[in-house]
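Presented below is the structure to which this report refers.
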Amino acid sequence: METLLPVLVIVALALFVIARTATVVPQQSAYVVERLGKYSRTLSAGFHILVPFVERVAYRHSLKENAIDIPEQVCITRDNVQVHVDGVLYLKVLNAELASYGIADFVFAIIQLAQTTLRSEVGKIDLDRTFEERGQINQQVVSELDKASEPWGVKVLRYEIKNITPPADVLSAMEKQMRAEREKRAVILTSEGERDAKINYAEGEKQQVIKQSEATQLQQINEARGQAEAIQAIAAATAEGLRKVAEALTAPGGADAMQLRIAEQWVAQFGELAKAGNTYVVPANLADIGSVIALATGIGKREGTGGAR
């Protein structure tokens with residue numbers, strides 16, 4: 001029994017030493033080991049044995065992406081309006097040694113730097129543009145934080161603004177402005193619709209007048225063309241008639257027939273002259289009808305001879 005007790009003590013001491021020196025590092029984690037208070041190495045995922053009483057795990061870091069909530073703060077825009085802004089920041093530890101010895105608390109430092117950078121970026125723009133430029137503000141914050149956190153072994157991946165809350169009176173004014181803008185757009189659209197309708201109606205009237213004038217023009221052209229063709233037909237018929245008369249005069253017995261026809265026409269026209277009124281002019285040689293017929297016959301012969309030629 002007395003010999004068993006020292007053995008048990010030695011075994012217990014060995015187990016205690018193993019428990020203090022054996023270290024299991026989880027996946028996506030990194031442990032910083034110090035040897036006699038000085039940085040020794042960084043342990044990756046797996047099982048590791050430390051030198052008893054000489055080495056120890058000083059810092060434990062997770063290599064996973066971490067989301068940090070940025071508390072709400074008051075920011076003043078360029079047009080001197082106070083707005084409450086909060087957000088969320090995503091970062092990741094890339095170098096466990098720098099994250100351990102580069103800064104005391106990199107999470108606290110990044111939160112403070114994110115708030116100051118956000119106040120600076122919001123102060124550069126007006127209130128109306130803070131909602132439109134949210135993406136640009138996020139990019140600027142990430143750029144500034146990434147530059148500052150590089151010596152700490154931390155990578156800032158992205159920053160997102162969650163809420164931008166203006167004061168109540170400013171919200172009321174913005175709602176009135178938006179309502180006025182909507183009413184303005186409605187009036188503009190209505191007026192544009194009426195204008196387009198009037199333009200379309202005037203264009204229709206214009207096309208109608210043009211079509212009517214073109215129809216009138218075509219009608220006049222067709223009528224003029226018809227009258228010209230009629231005149232040409234009458235002239236052709238008259239010329240054909242005169243040609244037939246000339247041929248008849250040159251034929252045997254044509255002169256006698258012409259004399260008879262002229263005498264009949266002269267007597268008929270003189271009779272009509274007598275019916276026209278109570279007062280009329282009587283030729284001096286009324287009794288000499290033969291001379292009148294002879295004169296007309298001579299003219300007819302000359303015309304007939306000319307037509308024949």
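The values are calculated or read from the model by the stated rules, or taken from the named source; none is laboratory data. Only a predicted model underlies this, so the values are computations on that prediction, with no experimental measurement involved. Please note: Cβ atoms are built from the backbone with ideal geometry, for glycine as well, and neighbour counts cover all protein chains shown.
Go through the residues of segment 129-149 one by one and say whether even a single one is modelled with pLDDT of 90 or more, in a strand (DSSP E or B) and touching a strand residue (DSSP E or B) at 6+ places or on another chain (Cβ under 7 Å). Scanning segment 129-149, I find no residue that is modelled with pLDDT of 90 or more, in a strand (DSSP E or B) and touching a strand residue (DSSP E or B) at 6+ places or on another chain (Cβ under 7 Å), so the answer is no. Out of everything in segment 73-84 that is surrounded by 14 or more Cβ atoms within 10 Å (Cβ to Cβ) and touching a strand residue (DSSP E or B) at 6+ places or on another chain (Cβ under 9 Å), what residue ends up being farthest from Thr117 (Cα to Cα)? So, considering only residues that are surrounded by 14 or more Cβ atoms within 10 Å (Cβ to Cβ) and touching a strand residue (DSSP E or B) at 6+ places or on another chain (Cβ under 9 Å), the one farthest from Thr117 (Cα to Cα) is Val83.
Quick grid of which residues meet (1) within 30 Å of Gln28 (Cβ to Cβ); (2) in contact (Cβ under 8 Å) with a residue 24 or more places away in the chain; (3) buried (at least 20 other Cβ atoms within 10 Å of the Cβ):
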{"residue": "Asp86", "(1), (2), (3)": "yes, yes, no"}
{"residue": "Ile110", "(1), (2), (3)": "yes, yes, yes"}
{"residue": "Ala114", "(1), (2), (3)": "yes, yes, yes"}
{"residue": "Val122", "(1), (2), (3)": "no, yes, yes"}
{"residue": "Asp126", "(1), (2), (3)": "no, yes, no"}
{"residue": "Ser149", "(1), (2), (3)": "yes, yes, yes"}
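Summed over segment 1-43, the residues that are of a type outside the set (D, E, K, R) and in contact with a strand residue (DSSP E or B) (Cβ under 6 Å, 6 or more places away or on another chain) give a count of 13.
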